[in-house]
Amino acid sequence: MQKRYNPKEIEPKWQEIWDQTGTYTADLTSSKPKYLAMSMFNYPSGNGIHIGHAMNYTISDVKARFKRQQGYEAYHPVGWDAFGLPAENFAIKSGVSPQESMAKIIPGYHKQYKAMGWSNDWEKEIATHLPEYYKWTQWIFSEMFRHGLAYQASRMQWWCEKDNTVLANEQVIDGKCWRHDGLDDPLVEKKEIKQWFFKITEYADELLEATDALDWTDSVKLAQKNWIGKSKGAEIDFQVEGSEEKITVFTTRADTLFGATFLVLAPEHVLVDKLTCAEHKNEVEAYKKESQVKSELERQAQKDKTGVFTGAYAINPINKARIPIWIADYVLVGYGTGAIMAVPAHDERDHEFAKKFNLPIVRVVKNQAADDECSHEEGLMINSAEFNNLPSAEARENIVAALVNIGMASEKINYRMNDWSVSRQRYWGAPIPIIHCKKCGPVLLPDDQLPVIIPELDDFAPSGDGRSALARATDWLKVDCPNCGGPGERETDTLDTYICSSWYMFRYIDPRNQEKIFDSQLVNKWTPVDFYNGGDHATAHLLYARFIGHFFNKIGLIDNPEPFKQMLFNGKVTAADGSMFSKSKGNGVDPLEIIDQGYGADALRTYLMFAAPLELWIRWDPQGVPGAYRFLSRLWTLVQEYLEAPTTESSQDQATELKRIINKTTQKVTADLENNFYNTAIAACMKAVNDLYKQKAKSLAKSSAWKEALEAITALVAPFAPHMAEELWHELGHSTTVHKDSWPQVEKQYLHSDKLNIVIQINGKLRANIKVSSEATEEEVLDQAKQDSKVGSYLKDKTIKKTIYVPGKIVNFVV
RNA sequence: GCGGAUGUGGUGGAAUUGGUAGACACGCUAGCCUUAGGAGCUAGUGCCGCAAGGCGUGAAGGUUCAAGUCCUUUCAUCCGCACCA
């Protein structure tokens, strides 16, 4: 009696055995070649995993399993990104400490991860909220501080009223807090706050330079570059008329300097008050106020340019022209110098402004555009004195050079990226290891006093004065200054959780090290991460992780500055109608429910990997998992039938045919898994099973040929359906696991059959198909083609003008 | 607005350097079988046509013996950035 394919039985069984025998425990000191595959780690919430997690982790799991079967020492780590607002907000509401709720939530995730059949190494599990981990997050802050890369500054920061906390630029989406972006949620505002920063801008250039060489999804590389936003230009000084002050502007188009007919300062620019004439004071003050309360969203939504005249004039250094100075909020204080030279003939924004306020427009570049149009296109210079008739690029160089000579300009590179704001006024994060001393200022806590443990509290809400709940922990707060011994107070800011997640891949390699952040030799052996994937964080997380990598490299901790060798930005899963799954809509798909329905994790995994290329978003298809189940079931049944078949050898013909099926498939699946084409790898396995069924119809025997074929196909599907493959592998007579060193080798002699199919075209249209021997010469093939009756009827009464022969593929007769 | 993609059956998607368009799967149709199941097996399934044949990869041109693939123009959809000077 054959056993039916019943995942409910075999999946838990093998999960238990793998766990007990440590099948997926990576030996980090192994002499085998290493392979590190991982997905972005998870933030544990009360909701458990959803179908998006199932997608992400299955992708890296398949990769790890494939490599493990190929004979690599593969490591598929697991960890938890446990700090952050949701746990804290829950704590504020419920009074249950985040430490406590994490301790409850995480074990639930263990069960779910195991139920999905992911080959995680649980011995090396990490969690960012544990002191053994955040000790080193704090240490990174200390190292940054010691290297002059951490500093404190007052900045206008985005402030979310709902969370009472500062937001990073990337946490502001369409003018709203990323966690409160609903219709009813308020727009964020700016507030002046003292913040800690990491000087990531110091690494901007090297991060940018290194981007091209990365084996990453192109869109992510591009996003990284845009984020850094390098632009080459010049800073040019404009003397303020009747004053010692100079206004410095940044421009990438110094060639258009003769067309600069006014200057515009950001309303927040430091010189505004100084410049403004008495009779314009009221107007300017009013405008400044107005733009301060104006939210980012309003500023972006507003179509019209606004601004006011200061009453002051500046002198254009190239032609001594006297030009008015305006302020307008379309100039941003945070970029460049916060001031621009306006060239309305060649910049759309300046053009719009000039039109509205009747300012002069002088054209200095001759290009395709009509005379009254604004165009930023380059061309030959006009109205530019001695620079006339030069192409833009050359004029640009010459003008800057001329100004540099008289000390009125310098070449300058600007970045859109700002320094990384790393402090948060929150409880649930790693405390910043700084003591504030009245006498010594901010003093770094000595390393031997790390970690700074988060004190237990009853109330986790921010203190309300802009500081975190830690300000309430008075015993914890008061300490002696490590420098002078006088009274001091601990920093109450905690570190941005992006810091925790920017170095975890290194800690995976040495998770229990008490002495050091990690053993460099071991980390050098195991990093960069060979394969990394995720469906979020194309900019911030990846850029920060790269920054930390480059920093670690600079301070001699690691050899390779780039942490992720390959990065795949995978798609997500949406509802059937294309909308996002969400709890509030109640349209979510729970992976565990699918498993429990009886389809099993293997079918779910196979469907997710088969539905589309990994980069594409897929729409949840309720028929998909049953379809994958059917495929697995067919393979299962085939093996069961084999086990009951009579023991006899297969014919030579069939043995060869089985070899061909298997070798062709092995080659395809191996290449596809290497290149992350999982969907076509599965398709190839399906095709192979279909082909094996055709062979079965001819004859099925418990022969060595069949055994070999079934073992091979079992090994090939093992990365996708690990439980079923393991069960079949053992049924086929193995006592060791299929998940190590089982990948079939390609025997090249079986890749081609001795007969080739040649397509015959007449004038490029398909007319016939012929079978020829693989050894046939061109002449023989053409002869045979002409003899084909169908071809003959087309060639009758015609002369062949031209014959094209593509060996082994096609013959085209042109008549 | 700028940048990046992507347009292929009823559906998801396949197609080395230009060389049999639609692999594989879902769905559908028919037949078989049965322990009547969430079955299974076999065959069929781009469109028009009884057939021969013709037409087909968003649209229109072009290059070529041959175009989903290359070139030009154009339309549509999606994503990222968004007053970055």
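Counting residues in the stretch A:339-347 that are more than 13 Å from RNA strand B (Cβ to nearest atom) and either surrounded by fewer than 21 Cβ atoms within 10 Å (Cβ to Cβ) or not charged (D, E, K, R) (or both) gives zero. Of all the listed residues (A:Gly48, A:Gly95, A:Gly108, A:Gly84), the sole one being out of contact with any Lys or Arg (no Cβ under 7 Å at 6 or more places or on another chain), modelled with pLDDT under 95, farther than 27 Å from A:Leu557 by Cα and open to solvent by 40 Å² or more (accessible area, probe 1.4 Å) is A:Gly95. Only one of the numbered conditions (1) more than 38 Å from the chain's Cα centre (by Cα); (2) touching a residue at least 40 places away in the same chain (Cβ under 8 Å) is not met by A:Gly441, and that is (2).
To keep it simple, each residue is scored yes or no on (1) crowded, with 17+ Cβ neighbours inside 10 Å; (2) polar (S, T, N, Q); (3) on the phi > 0 side of the Ramachandran plot.
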{"position": "A:Ile432", "(1), (2), (3)": "yes, no, no"}
{"position": "A:Cys437", "(1), (2), (3)": "yes, no, no"}
{"position": "A:Gly441", "(1), (2), (3)": "no, no, yes"}
{"position": "A:Gln449", "(1), (2), (3)": "no, yes, no"}
{"position": "A:Ile453", "(1), (2), (3)": "no, no, no"}
{"position": "A:Leu470", "(1), (2), (3)": "yes, no, no"}
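Looking for something assigned to a strand (DSSP E or B) and more than 30 Å from A:Glu456 (Cβ to Cβ) - is there at least one such residue anywhere in the stretch A:204-222? Yes: the stretch A:204-222 contains one or more residues that are assigned to a strand (DSSP E or B) and more than 30 Å from A:Glu456 (Cβ to Cβ). Among the residues of the stretch A:374-417, the ones that are over 12 Å from A:Phe258 (Cβ atoms), among the β-branched types (Val, Ile, Thr), part of a helix (DSSP H, G or I) and within 16 Å of RNA strand B (Cβ to nearest atom) come to 1 in all.
From the list A:Asp559, A:Asp496, A:Asp536, pick out the single residue that is under 22 Å from A:Leu36 (Cα atoms) and either more than 16 Å from RNA strand B (Cβ to nearest atom) or among the aromatic types (Phe, Trp, Tyr) (or both). Going through A:Asp559, A:Asp496, A:Asp536 in turn, the sole match is A:Asp559.
Among the residues of the stretch A:622-653, which ones are open to solvent by 50 Å² or more (accessible area, probe 1.4 Å) and within 6 Å of RNA strand B (Cβ to nearest atom)? Those that are open to solvent by 50 Å² or more (accessible area, probe 1.4 Å) and within 6 Å of RNA strand B (Cβ to nearest atom): A:Gln623, A:Arg630, A:Arg634. Just one of A:His739, A:His752 is over 20 Å from A:Tyr629 (Cβ atoms) and free of Cβ contacts under 8 Å to residues at least 40 places away in the same chain; which is it? Within the list A:His739, A:His752, the selection yields A:His752. Comparison of A:Ala115, A:Ala127 shows that the only residue that is more than 17 Å from A:Ser501 (Cβ to Cβ) and among the small types (Gly, Ala, Ser) is A:Ala115.
A single entry from A:Tyr750, A:Tyr693 fulfils the requirement of being among the hydroxyl-bearing types (Ser, Thr, Tyr), within 30 Å of A:Val811 (Cβ to Cβ), at pLDDT below 95 and more than 37 Å from the chain's Cα centre (by Cα): A:Tyr750. For the stretch A:722-740, the condition of being over 30 Å from A:Pro12 (Cβ atoms) and in a loop (DSSP other than H, G, I, E, B) holds for none of the residues. Restricting attention to the stretch A:197-210 and to residues that are surrounded by 20 or more Cβ atoms within 10 Å (Cβ to Cβ) and under 20 Å from the mean Cα position of the chain (by Cα), the residue that is nearest to RNA strand B (Cβ to nearest atom) turns out to be A:Ala204.
The values are calculated or read from the model by the stated rules, or taken from the named source; none is laboratory data. Owing to the predicted nature of the structure, the values given are computational and were not obtained by experimental measurement. Please note: Cβ atoms are built from the backbone with ideal geometry, for glycine as well, and neighbour counts cover all protein chains shown. Only protein heavy atoms, including side chains, enter the accessible area calculation; ligands, DNA and RNA are left aside. Shrake-Rupley method; radii C 1.70, N 1.55, O 1.52, S 1.80 Å.
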